[in-house]
Amino acid sequence: MSKLFLARNPRVAARALDGEMMIMSARDSTLFTLNKTATILWQSADGATPLDEIVQSRICAEFEVEASEALHDAEKLARELANHEILFVSEQPIPQSAPSAGSSR
Amino acid sequence: MPDIAIEVEPLSLVIEIGDMPVRVNTTDPQFVALLQHRYSGFISHSKLPEMEFDIDLATPRPANPNVPVKVTQRLGSWTLLRGDFRAEWNPASRRGTIVQTANPYSIDAVLRIVHSLVLARQGGFLLHSASAIRNGKAFLFAGVSGAGKTTISRLAPPDATLLTDEISYVRKTKDGYIAFGTPFTGELAKLGENVSAPVATLYLLAKGPENRIDTITPSEATRCLLANVLFFAEDEQLVQSIFDSAFEFVNRVPVRRLTFVPDAGVWELIG
């Protein structure tokens, strides 16, 4: 299974409050409130750390969940966030300043 | 040979909302009269408008005001587009044009959008809420359609001054926030008073079996505030400004949940 890399879309407004991550799309002003798992993905999305490592070190450590199941759910969630243009998802590391052309949204 | 060209005298008036005078120019005296009536109480004699629009009254043609508004910026100029109007506005020159038919609804929408753009840069916003002044303080009552904005406005006691039953005007100052009256009306169809006061509390409206005020978490307050801010522009910087403004507002102004039954007793809790 190939590795996935996540990067935050720098073109959204984001802020954490009361442990919740709030994100507003610059495209259409839609407001998103991320749940705990999505917040972990957002905070860990540095473009360089593979998703399986994020799941292992952050999600499995925090929630009592089996690694393969957690990875499956995290990948699904990451792709949902990418569909909303909150995250970029790629099979290659993503430079922080400019998402690679091959990254999916 | 006699000169047969007739120069049409431009007519203008200044509409001042939120302490921001906007001059509109037209050549149609009937349209001026219509605007004077529509913005009664908000007509100013300011000689120094902050911006000026030339209105080109187009020939009536099928137009659909339900087409979603599109507000975009390019090279410093804004384009405001809806089924029933097209407006251009350049903040640097403070001038713009509006192409619409002779109706009050199109210019109303243009004014709301322009004010929202100006306020966004200054840390303020237009809010989908009723507002009123009581004992020298302004109270905002936010909620989606059906939440009770019109009802709470209708129940306001005689000592409360209604600023609006639909869209509140909130300007940031160095000391806090000021709410201004607006001519933007909802079901009550009654123009707000053209006065202002410091914002004391934002209430999020809910109908229920009793009148009560509850505290809410800052995140819920911010979420609800952002859900009720009127903002139309596809612009990264302004979205960031609005987002930051909501957090700052919640940090500085009490935000509470106001549950109420539709009776005047709710106003005993306010002010």
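For segment A:28-57, a residue qualifies if it is buried (at least 19 other Cβ atoms within 10 Å of the Cβ) and within 14 Å of chain B (Cβ to nearest Cβ), and the qualifying residues are A:SER29, A:LEU34.
Touching a Ser or Thr at 6+ places or on another chain (Cβ under 7 Å) and either buried (at least 21 other Cβ atoms within 10 Å of the Cβ) or within 14 Å of chain A (Cβ to nearest Cβ) (or both): which single residue out of B:VAL229, B:VAL195, B:VAL239 fits that description? Checking each option against the conditions leaves just B:VAL239. Mind listing just one residue for me: the one in segment A:9-24 that is in contact with an Asp or Glu (Cβ under 9 Å, 6 or more places away or on another chain) and crowded, with 20+ Cβ neighbours inside 10 Å and, of those, farthest from A:LEU71 (Cα to Cα)? Filtering segment A:9-24 for residues that are in contact with an Asp or Glu (Cβ under 9 Å, 6 or more places away or on another chain) and crowded, with 20+ Cβ neighbours inside 10 Å, the one farthest from A:LEU71 (Cα to Cα) comes out as A:ALA13. Filtered by the rule that a residue be over 20 Å from B:GLU166 (Cα atoms), modelled with pLDDT of 90 or more and not polar (S, T, N, Q), segment B:206-240 gives B:GLY208, B:PRO209, B:GLU210, B:ARG212, B:ILE213, B:ASP214, B:ILE216, B:PRO218, B:GLU220, B:LEU238, B:VAL239. When the residues of segment B:242-271 are narrowed to those that are within 11 Å of another protein chain (Cβ to nearest Cβ) and of a type in the set (A, V, I, L, M), which ends up farthest from B:GLY123 (Cα to Cα)? The qualifying residue farthest from B:GLY123 (Cα to Cα) is B:VAL250.
Out of B:LEU188, B:LEU163, B:LEU140, report the one residue that is within 21 Å of B:ASP263 (Cβ to Cβ) and either under 14 Å from the mean Cα position of the chain (by Cα) or assigned to a strand (DSSP E or B) (or both). Selected residue: B:LEU140, the only one of B:LEU188, B:LEU163, B:LEU140 that is within 21 Å of B:ASP263 (Cβ to Cβ) and either under 14 Å from the mean Cα position of the chain (by Cα) or assigned to a strand (DSSP E or B) (or both). If you go through segment B:62-84 and keep only what is touching a residue at least 12 places away in the same chain (Cβ under 8 Å) and assigned to a loop (DSSP other than H, G, I, E, B), you end up with B:ALA63, B:ASN64, B:PRO65, B:ASN66, B:VAL67, B:PRO68, B:VAL69, B:GLY76, B:GLY83, B:ASP84. Being surrounded by 15 or more Cβ atoms within 10 Å (Cβ to Cβ) and over 26 Å from B:GLU248 (Cα atoms) is not true of B:THR164. Keeping to segment A:86-105, report how many residues are surrounded by 15 or more Cβ atoms within 10 Å (Cβ to Cβ), part of a loop (DSSP other than H, G, I, E, B) and modelled with pLDDT of 90 or more. So the count comes out to 3. Scan segment A:21-68 residue by residue and report those that are without any contact (Cβ under 8 Å) to a residue 40 or more places away in the chain, in contact with a Leu (Cβ under 7 Å, 6 or more places away or on another chain) and farther than 25 Å from B:GLN237 by Cα. Hit for segment A:21-68 is A:VAL55, nothing else. For segment A:1-20, enumerate the residues that are within 10 Å of chain B (Cβ to nearest Cβ) and in a strand (DSSP E or B). Answer for segment A:1-20, where residues must be within 10 Å of chain B (Cβ to nearest Cβ) and in a strand (DSSP E or B): A:VAL12, A:ALA13, A:ALA14, A:ARG15, A:ALA16, A:LEU17, A:GLU20.
The values are calculated or read from the model by the stated rules, or taken from the named source; none is laboratory data. Just so you know, these numbers come straight off a predicted model, no measurement behind them. We place every Cβ from the backbone using ideal geometry, glycine too, and count neighbours over all the protein chains shown.
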